[in-house]
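Report on one structure; see the data block that follows.
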Amino acid sequence: MKNRIPRELVECGATTAIVLGSGLGPLVEELEPVCSHEYAALGLPVSKVPGHAGRILVARLQGRPLLIAQGRVHLYEGWSASEVVRMVDFLREIGIRSLILTNAAGTVNPDFSPGSWMMLSDHLNLTGQSPLCGGPHFVDMTEVYSRRLRSLFHKVASRQGTILHEGVYAALPGPQYETPAEVRMLQRLGADAVGMSTVPEAIKARALGLEVAAFSCLTNWGAGLAPGHLSHEEVTSAGRSAASSLSDILREALPLI
Ligand code: HPA
């Protein structure tokens, strides 16, 4: 299906876009919107998962345009990897050069507590799928998450006195959360956090030559690392309460990209 591209999205001149994951809507609540388009009206796939909006907003941050994609679709909803990354194609087409991805994730690193943020240094694609099937083939993945952007975000976080972890994100297909045995496996594989998104978009963005950064909101301990059970409600409400510290970092860092 062909995307419909409204002229105002191209003419706004935004070169940086943020994709917001589960419960991370508050990141943009204080921004003044310039325009807004529903995914459905743009020909983009729409998620049915509670807590995921489906809207592109353009807002101004210190006078500069910033594009915000509120909501994404997931492999576990039955979308193919190439459908999951249609958003990335769309953003590239309207002139985006830097892509900031966010997600909610479980922490499997005992030193990274729930409620904090982790910037991705690398990932493990354990989804069993790639958005590049059919081409382009053999794209280099040595530095998916830009060193330049990571260093910028670390500088801003330390100036603000905010803890910003950095680590490896393991993407599983879901939709179920992991078993305790799977969490132990992920720890042995070198993962720090686990989730069900972001990696297809990051792979596609690199294939299109975009600069990528990604942040996990660590909403819960991985299964078996703490007493109790996991629930989607717990994950989205933890995301909402952690949103403001990333919002402070982004507000200061984005104009410097
Ligand atoms: N596992 C997978 N995905 C998640 C989790 C988790 O523990 N928390 C938030 N998204």
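Throughout, read-outs are computed from the coordinates displayed, never taken from laboratory work. Predicted model, so just to flag it, every value in this text is computed and none were measured. Glycine also receives a Cβ, built like all others from the backbone with ideal geometry; neighbour counts cover every protein chain displayed.
Within segment 133-189, the set of residues being in contact (Cβ under 8 Å) with a residue 60 or more places away in the chain and on the phi > 0 side of the Ramachandran plot comprises just one member, Gly174.
If you go through segment 107-128 and keep only what is among the small types (Gly, Ala, Ser) and under 14 Å from the mean Cα position of the chain (by Cα), you end up with just Ser121. Among the conditions (1) more than 19 Å from Ile18 (Cα to Cα); (2) surrounded by fewer than 20 Cβ atoms within 10 Å (Cβ to Cβ); (3) touching a residue at least 12 places away in the same chain (Cβ under 8 Å), Gly228 misses just one, which is (3).
The set of residues from segment 197-249 being closer than 15 Å to Tyr145 by Cα and touching a Cys at 6+ places or on another chain (Cβ under 8 Å) is empty. Of Thr219, Thr179, Thr198, all but one fail to be of a type in the set (S, T, N, Q), under 29 Å from Glu83 (Cα atoms), in contact with a Leu (Cβ under 6 Å, 6 or more places away or on another chain) and within 12 Å of the ligand (Cβ to nearest atom); the exception is Thr198. For Leu172, indicate whether it is within 11 Å of the ligand (Cβ to nearest atom) and either buried (at least 17 other Cβ atoms within 10 Å of the Cβ) or farther than 30 Å from Met87 by Cα (or both). It is true that Leu172 is within 11 Å of the ligand (Cβ to nearest atom) and either buried (at least 17 other Cβ atoms within 10 Å of the Cβ) or farther than 30 Å from Met87 by Cα (or both). Each residue in segment 225-241 was checked for being in contact with a helix residue (DSSP H, G or I) (Cβ under 7 Å, 6 or more places away or on another chain) and not aliphatic (A, V, I, L, M), and 1 pass. One residue stands out in segment 137-154 among those that are among the basic types (Lys, Arg) and exposed (fewer than 14 other Cβ atoms within 10 Å of the Cβ): the one that is nearest to the ligand (Cβ to nearest atom), namely Arg147. Counting just the residues of segment 226-235 that are near the ligand (Cβ under 9 Å from one of its atoms) and part of a helix (DSSP H, G or I), which one comes out farthest from the chain's Cα centre (by Cα)? Among those that are near the ligand (Cβ under 9 Å from one of its atoms) and part of a helix (DSSP H, G or I), it is Glu234.
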